[in-house]
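A.B. asks: Please see the structure below; I have some questions.
The values are calculated or read from the model by the stated rules, or taken from the named source; none is laboratory data. What you see is a predicted model; the values in this text were computed from it and never measured. FYI the Cβ positions are ideal-geometry reconstructions off the backbone, even for glycines, and counts take in every protein chain you see. The accessibility values were calculated without ligands, DNA or RNA, using every heavy atom of the protein model including side chains. Shrake-Rupley method; radii C 1.70, N 1.55, O 1.52, S 1.80 Å.
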Amino acid sequence: MTDFWLISVPLDKTSLTSVEKLKRTITKTHLASCWKFSIPDLKVGVLDSLLSVSEDLSKLDTLTESVIKTTCQCLKEMMETSSDKLVENALANGVDLMSYVTKFQWDKAKYPTALPLSSLADIINKEVSQVETELKSRTAAFNSVKANLQNLEHKLEGNLQTRSLSGIIRKEDLVVSEYLTTLLVVVSRRSYLQWERSYESLSEFVVPRSSRKLFEDGDGGVFTVTLFKRAVCEFKAKAQESKFIVREYSFDLEEKKHQEITQLSNHKKEQYGIFVRWLKVNFSQVFIAWIHLKALRVFVESVLRYGLPVNYQALLLQTDRKCSKKLREELSSLFVHLDPTASMTDVSSEIPGLSQQEYYSYICFHISTNMLEIS
């Protein structure tokens, strides 16, 4: 497991020297990988409003990460496949998530840098909220189709009283004439002998020796019995008293059920394709918005911490989790001049998302490894 940290330090002479020393150290010791994280010059606005913007961005960050997780999980469940296949489809702007983050470039067309920070936050908020709303709606609609299909299939594959007998019952098995009809009766295994001995006596209008076993499973069997139509009600009542169950059956009804399942199955396949495409497109969209949101947070916190004019460097660090403590100590030592009173306590790497958990002499955020190493 690896940790991803997004750090920001001012571009004063001492910090620049520390950055270069950091790069040399991690290259030599393999303590971490390092990339420059490019953030454009954004419109600062009134400094007093930055605290409010910072709070809004923090809340939006939590919402966005939640939507990403839900979208990714939904995509994983829909595809019902291996994590490798998921990685191939959970992309950002057509590339894998690691490549997108490590080579991040601000999308000025989508998020104009001339807009106030609050307006950029509003664009992302609207984008994410719309995906969240539509995701709930599309998920509910697809699950409804899926549940209806499963319900029908369960009925057809259920016990002898409900399961489909298509392919088992043939037209020649049933006698249908002006006066005669054939009933299908469900008999438990322990009652086979009782059925054979008694079915002819359940009505005086039963055709002798007309019963045949057409199908059986572990619980029992389906038997035919032919009788005069006028005796059907009497036969059913007597059969019920003996715990023999006469089940309704017609070829037309059976065909109607199978047509319904076929139509619903085709509808599910169609909706599946549409939903998976939507998930892939919107996962990419929200992930891109999320990384731009991270850039916004780094920018705002850098201005609040380091002041004006805006002059800082953002770096993305990737380290093996077992090296996290050592890297944290190295960073604290290199940038202690920024604030000697800052905490050197390591943050909890179990808390997902990009959120500031501890105060350090430099600005530091975590990027959830689950977001970059989808499994």
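A.B. asks: In degrees between 0 and 90, to the nearest 10, how far off the longest principal axis of the chain does helix 13-29 point, with axes built from Cα atoms?
C.D. replies: 50
A.B. asks: Follow-up. Report ³J(HN,Hα) in whole Hz for each residue of the stretch 118-135, in order, from the Karplus equation J = 6.51 cos²θ - 1.76 cosθ + 1.60 where θ = phi - 60°; Gly and Pro get x.
C.D. replies: Here the 3J(HN,Hα) series is 5, 5, 5, 5, 5, 4, 5, 4, 5, 4, 5, 5, 5, 5, 4, 5, 5, 4 Hz.
A.B. asks: Given a 1.4 Å probe and every protein chain left where it sits, what share in percent of the accessible area of the stretch 207-342 is carbon and sulfur?
C.D. replies: Numbers: 3480 of 6900 Å².
Accessible surface attributable to carbon and sulfur in the stretch 207-342 totals 50 percent.
A.B. asks: From Cα pairs below 8 angstrom and at least 6 apart in sequence, can you work out the relative contact order of the chain, rounded to a whole percent?
C.D. replies: 35
A.B. asks: Sticking with this structure for a sec: For Cα pairs less than 8 Å apart in space and 6+ apart in sequence, what is the mean separation divided by the residue count of the stretch 188-271, i.e. the relative contact order in percent?
C.D. replies: Dividing the mean separation by the residue count of the stretch 188-271 yields 22 percent.
A.B. asks: Ok, one more. Taking only DSSP H segments of four or more residues, each worth -39500 (n - 2.57), what value at 222 nm results for the chain once the sum is divided by all its residues, to the nearest 500 deg cm²/dmol?
C.D. replies: Values: 10 runs with 188 residues, N = 375.
Calculated mean residue ellipticity at 222 nm is -17000 deg cm²/dmol.
A.B. asks: Which of Phe365, Phe235, Pro40 sits closest to the plus end of the dipole of the chain, meaning its Cα is farthest towards the positive end, when Lys and Arg get +1 and Asp and Glu get -1 on the C-beta?
C.D. replies: Farthest towards the positive pole: Phe235.
A.B. asks: For helix 50-79, what angle does its Cα long axis make with the longest principal axis of the chain, in degrees from 0 to 90 and rounded to 10?
C.D. replies: Computed tilt is about 40 degrees.
A.B. asks: Right, here's the next one. Amide H neighbours of Thr2 under 5 Å, counting only residues 5+ apart in sequence or on other chains, H built in-plane at 1.01 Å?
C.D. replies: Arg321
A.B. asks: Keeping all protein chains in position, work out how much accessible area Glu248 exposes to a 1.4 Å probe, and write it in Å² to the nearest 10.
C.D. replies: The accessible area comes out at roughly 130 Å².
A.B. asks: Here is a further query. With springs only between Cα atoms under 10 Å apart, run a GNM on the chain and tell me which of Ser177, Ser211, Ser99 wobbles the most.
C.D. replies: Taking springs between Cα atoms under 10 Å, the residue moving most is Ser177.
A.B. asks: Tell me the angle of helix 251-306 to the major Cα principal axis of the chain, expressed in degrees between 0 and 90 and rounded to the nearest ten.
C.D. replies: 10
A.B. asks: Grab the Cα-Cα distance for Lys36 and Asp320, subtract it from 0.36 nm times how many residues apart they are, and report the gain in nm with one decimal.
C.D. replies: 100.4 nm
A.B. asks: How big is the Kirkwood radius of the chain, worked out from every pair of different alpha carbons and given in Å to one decimal?
C.D. replies: Averaging 1/r across every pair of different Cα atoms and inverting gives 26.2 Å.
A.B. asks: If we sort 284-297, 212-225 on the protection proxy, mean other Cβ atoms within 10 Å, highest first, what's the order?
C.D. replies: Put in order of decreasing packing, that is 284-297, 212-225.
A.B. asks: Here's something else I'd like to know. As a test of reading the structure, rank Trp106, Trp195 by solvent-accessible area (1.4 Å probe, protein chains only), most first.
C.D. replies: The most accessible residue leads, giving Trp106, Trp195.
A.B. asks: Taking 0.36 nm per intervening residue step and subtracting the Cα-Cα distance, what contour gain separates His154 from Glu255 on full extension? Mind showing how you got there, number by number?
C.D. replies: Details: separation 101, 0.36 × 101 = 36.36 nm, distance 1.64 nm.
That works out to 34.7 nm of additional length.
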